[in-house]
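Enquirer: Sharing a structure, written as structure tokens. Questions coming.
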Amino acid sequence: MMTQNHALALEGVERHFVQGEGRLTILSGASVSIDRGEMVALVAPSGSGKSTLLHIAGLLERPDAGEVRIAGEACGTLGDEERTAMRRKAIGFVYQFHHLLPEFSALENVMMPQMIRGLKRGEAATRAAELLDYMRIGKRASHRPAELSGGEQQRVAIARAVANSPHVLLADEPTGNLDPGTSAYVFEALAALVRQSGVAALIATHNHELAGRMDRAITLENGRIVPLVL
Ligand code: ADP
Ligand code: MG
């Protein structure tokens, strides 16, 4: 039997939160599949469940029902340790604020996830330097996050997210904290990396212009994922 393995697939994902006496339904049958090298914009109002969806796709939260598949592998039945291993190996995350470790250089921040996965220091450093060059911040490799601009910090965060060559890259408003020019520049670097690496990218953004430059856009409507025409 032929099975098509998308890099990322969400199938009928449900997520509810208890709120006082009631129940708040955020995701209610949310389904989407993303292919290798595909860049999908998630555009929806604040409070609609974008971060919740990304956290579930990134195995940071469990859905109340439904399934998450990474490269065809169903993650619902994985135990906590297996989920952590899968997350480290197969998923990269970029947040609105860079979340880099302040005591470490840009290079060391990009080395860190590789060393956690067991790479030797030298191998991790070589790959980190290549990625920083690719993101055009090779010259800043020895700088700590506080010595970098917002756009540079986000480019380091993107390099870190793909350091282990994940199947899936999830970004939660990665340019939301940047001015329009910097935002466009960071987006270009991110897009080039997605094309070059073949990672499947799901990117939450409020920026319709950037969303329009991705392969397609989706939104959340009544807890479901529907196509968005920009
Ligand atoms: P977005 O990222 O689109 O702004 P979120 O996914 O952060 O939306 O949140 C969607 C809704 O779910 C919001 O109303 C939020 O208050 C609620 N929510 C998110 N996380 C929790 C939680 N852990 N407990 C209760 N409510 C939550
Ligand atoms: Mg959010």
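The values are calculated or read from the model by the stated rules, or taken from the named source; none is laboratory data. The model shown is predicted, which means the values in this text are computed figures rather than measured ones. Because the Cβ atoms are built from the backbone with ideal geometry, glycine has one as well, and the counts that use them run over all protein chains shown. Side chains included, ligands, DNA and RNA excluded: accessible areas come from the protein's heavy atoms. Shrake-Rupley method; radii C 1.70, N 1.55, O 1.52, S 1.80 Å.
Enquirer: Residue by residue through the range 1-16, note down the ones that are assigned to a loop (DSSP other than H, G, I, E, B) and buried (at least 18 other Cβ atoms within 10 Å of the Cβ).
Expert: Across the range 1-16, the qualifying residues are His6, Ala7.
Enquirer: Same structure again: Output the qualifying pairs, or none if there are none: Cβ atoms under 7 angstrom, residues six or more apart or on different chains, first residue in the range 35-57 and of a type in the set (D, E, K, R), second residue part of a loop (DSSP other than H, G, I, E, B).
Expert: Asp35/His6; Asp35/Ala7; Arg36/Ala7; Arg36/Gly198; Glu38/Asp215; Lys50/Ala44
Enquirer: Quick check: is even one residue across the range 61-68 in contact (Cβ under 8 Å) with a residue 40 or more places away in the chain, farther than 17 Å from Ala201 by Cα and in contact with a helix residue (DSSP H, G or I) (Cβ under 7 Å, 6 or more places away or on another chain)?
Expert: Yes.
Enquirer: So Gly47 clears everything in (1) more than 22 Å from Thr182 (Cβ to Cβ); (2) away from ligand 1 (no atom under 16 Å from the Cβ); (3) more than 18 Å from the chain's Cα centre (by Cα); (4) of a type outside the set (Val, Ile, Thr) except one condition, right? Which one?
Expert: Failed condition: (2).
Enquirer: Mind listing just one residue for me: the one in the range 162-211 that is away from ligand 2 (no atom under 16 Å from the Cβ) and among the β-branched types (Val, Ile, Thr) and, of those, most open to solvent (accessible area, probe 1.4 Å)?
Expert: Among those that are away from ligand 2 (no atom under 16 Å from the Cβ) and among the β-branched types (Val, Ile, Thr), it is Thr182.
Enquirer: Check off (1) free of Cβ contacts under 8 Å to residues at least 60 places away in the same chain; (2) out of contact with any Gly (no Cβ under 7 Å at 6 or more places or on another chain) for Val13 and give me the number that stays unchecked.
Expert: Only one criterion is unmet by Val13, namely (2).
Enquirer: Say whether the condition of being touching a strand residue (DSSP E or B) at 6+ places or on another chain (Cβ under 9 Å) and of a type in the set (Asp, Glu) is met by at least one residue in the range 140-155.
Expert: No.
Listed here are the residues, each with its yes/no results for (1) open to solvent by 70 Å² or more (accessible area, probe 1.4 Å); (2) of a type in the set (Ser, Thr, Tyr); (3) within 16 Å of ligand 2 (Cβ to nearest atom).
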| site | (1), (2), (3) |
| --- | --- |
| Val18 | yes, no, no |
| Gly22 | no, no, no |
| Ser31 | no, yes, no |
| Arg36 | yes, no, no |
| Ser46 | yes, yes, yes |
| Leu53 | no, no, yes |
| Arg62 | yes, no, no |
| Gly66 | no, no, no |
| Cys75 | no, no, no |
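Enquirer: Could you list, in sequence order, all residues of the range 76-126 that are without any contact (Cβ under 8 Å) to a residue 60 or more places away in the chain and hydroxyl-bearing (Ser, Thr, Tyr)?
Expert: Residues satisfying the conditions are Thr77, Thr84, Ser105, Thr126.
Enquirer: While we're looking at this one, here's another question. Can you tell which of Glu61, Glu82, Glu67 is among the acidic types (Asp, Glu) and either at pLDDT below 95 or closer than 13 Å to Leu8 by Cβ (or both)?
Expert: It is Glu67.
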